[in-house]
Amino acid sequence: MVDAGIQEAREEPARRLAGRTVCTELAGTARAHGDRPAYSDRDADGWRTLTWSAFRDRALDAAAGFAALGLEPGDVVALMMPNRVEHLLADSGAVHAGAVPTTVYATLAPDQVAFIATDCAAKVAVLDGRDQLDRWLPVLDRLPTLRRVVVVDAAACPAGDKFLTWDDLLALGAERRAADAAALDARWTALTPGDTVCLLYTSGTTGDPKGVRITHSMVLHEAEMVGGASALPERPTAISYLPFAHIADRVLSYYLPIRLAAHIHFCPDPAQLTTVLREVRPHTFFGVPRVWEKIMAGIQAVLAGERDEQKKAAVARALEAGRRYVTAQEYGNPPVPDDVAAEFARWDQAVLAPMRGLLGLDRVVQSSSAAAPLPEEVARFFAGLGLKIFDAYGMTETTGAITANLHDAFKLGTVGRAFPGVELSLAEDGEILVRGATCTPGYLNRPRADADLIDPDGWIRTGDIGVLDDDGFLRVVDRKKEIIITAGGENIAPSLIENHLKEHPLVGQALAYGDRRPYVVALITLDGEVAPVWAAARGVEAGDVAELAEHPLVLEEVARAVEDANARLARVQQVKKWRLLPAEWTAESEELTPTLKLRRRVVHGKYGDAIEGLYAS
């Protein structure tokens, strides 16, 4: 039985969204806010911006162009591009043509590309340029269903009937619309809320990726939940930099902006994020935990190198005032004491607001994190800056967030409470179970996986282990299949150990290991951006991360990081031995997924000898 309150919270938006699709929503936004800026790209001459009416018009041209290429309703269009307006135009064009877009991670190897393109039987691919072509050309002869390849960079477009440029696609579509606009209108108006709006492949932390079916109804309900719970101003500004193969940026930079008539600035190169942040000064900023960790590590490295002790002490006092102020606002606490608020106001004006300004975060009213639980120490560090990072929880199969911390109800270290209309429960073993309007009907071509994912009563089995407190706030303890069971029978969550290790700015990534072993060991990598700065401040000269990983001062500091982590862990959780590796882990080297989650099986396979060495020594 569904709780009456949850049922009421579910029915009201269902009535409001009845019969609506992403296409009807975009049409409404283009009518009401057509002259408002929608999406901005930056080129050599500065920012170039499309309004909402111009965005829809070009999306319709793309849709008509796809139809002219023979794309039929239900066919799949594979996209591999960075975050740029053409990516969303191609996506929206595919949807308006009645087709199903899927964004393929740009870091995938040719064989991985072939697996996904074959699994979904992609009929058309839209690629950015040379780098993406290099990932597709080697496997084109293994993709019999792929009829045409559209290339955005005209200079990189190969010759041949199979290829055409993006500009040619739009020109073809404009001509087709001029000749028969009604044919295209018939396609998008025939769509229903239950039709698939996109296909998103899981990043494959275990086994081959699976295509998650996401419907129009799911994304509209998600946008309704997220938008209704936010404290954003009217028509907010934001930055898009995470892959559109990731559900979070699709919701926050595509579906939600249609609802809010927001203005999104693209940052196709995450290495330029700090520069774009300072230029755009967004109202909202979302980062996966690793992004927040890297920002924190950068700030800590700068503070550690500060030679002015008086300034250093002032920053420390300001950060402490910020932490007290934010902590005092956590759910269940009495009203913020006047002296705490007054002290924060003084330090905010003198120190914290200027620091946020240097980061480009001075206008942020909503900062958030998801994809994996944000370590509590990271949340409390940014609380010191006067920023409340609202951690949320969800997965691709739930269209993103189904729980979140909110301005009027948050607890640092948790992922918040369930959104209205979402059913949340814990199985006997602690697995988090979810039911609601944003839950997928299943995977593409995976009936067995569907049965594993959705139980007979319609609950999504998340695979995550959680704990609910008395106020309904959820803590995610670990992945169900990643629990370490030691030789002594102790159950240990490796992510707890790893998060403590990564709190030190020098540590980029860490993997805790100990399944069926007598004790826990760890593999550790340096943060490639922070480590050179840290070393230079101490007079250490090294050419690269590999050299730094062997330097006695670095090894001594990492040993302290392990000691600090162990001091906060139970004896059975403590790292007894560790090794600092001479290379970073990245999505390209495959130890991380494109969303920067740890691929444990890959690490276990690549560094098996190193792990065995820790037990042998």
For K480, go through the aspartates and glutamates and keep the ones whose alpha-carbon is under 13 Å away, minus same-chain ones fewer than eight residues off. E428, D429, E431, D464
With 10 angstrom as the radius, rank C23, C120 by how many other C-beta atoms surround their C-beta, starting from the fewest. C120, C23
Summing +1 per Lys or Arg and -1 per Asp or Glu among the other residues with Cβ less than 11 Å from D391's Cβ gives +2
Could you tell me what percent of the DSSP beta bridges with both partners in the chain are antiparallel, to the nearest 5? 55 percent
What value, in deg cm²/dmol to 500, does the helix sum -39500 (n - 2.57) over DSSP H runs of n ≥ 4 give at 222 nm once divided by the residues of the chain? -12000 deg cm²/dmol
With the 8 Å Cα cutoff and a minimum separation of six or more residues, the chain has a relative contact order in percent of 11 percent
Separation of the stretch 197-254 and the stretch 133-168 by C-alpha centroid, Å? 27 Å
Going by C-beta contacts inside 10 Å, put S230, S369, S253 in order with the fewest on the left. S230, S253, S369
May I ask you to order 541-554, 279-292 by the average number of other C-beta atoms within 10 Å around their residues, highest value first? 279-292, 541-554
What lysines does K294 reach when the alpha-carbon gap must be under 22 Å and sequence neighbours fewer than 8 apart in one chain are set aside? K312, K388, K502, K597
Does anyone have the angle between helix 4-16 and the longest principal axis of the chain? Alpha-carbon axes, 0 to 90°, nearest 10? 40 degrees
Check cross-link reach from K162 to the lysines: straight Cα distance under 28 Å, and skip same-chain residues fewer than eight apart. K123, K210
Return a whole-number percent for the relative contact order of the stretch 497-617, with Cα pairs under 8 Å and 6 or more residues apart as the contact set. 27 percent
Computed over the stretch 291-387: relative contact order in percent, which uses C-alpha pairs under 8 Å that are six or more apart: 42 percent
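Within the stretch 123-191, which trypsin sites (Lys or Arg not before Pro) sit in a loop by DSSP and count at most 16 neighbouring Cβ atoms inside 10 Å?
Taking the stretch 123-191 and a limit of 16 other Cβ atoms within 10 Å, the loop trypsin sites (Lys or Arg not before Pro) found are R147, K162.
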Kindly express, to the nearest 10 degrees and within the range 0 to 90, the angle between helix 166-179's C-alpha long axis and the longest C-alpha principal axis of the chain. 40 degrees
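Taken together, the values in this text are just the output of simple stated rules run on the coordinates, not laboratory data. Quick caveat: nothing in here was measured; it's all calculated off a predicted structure. With ideal geometry, Cβ positions are generated from the backbone for all residues, glycine too; neighbour counts draw on all protein chains shown.
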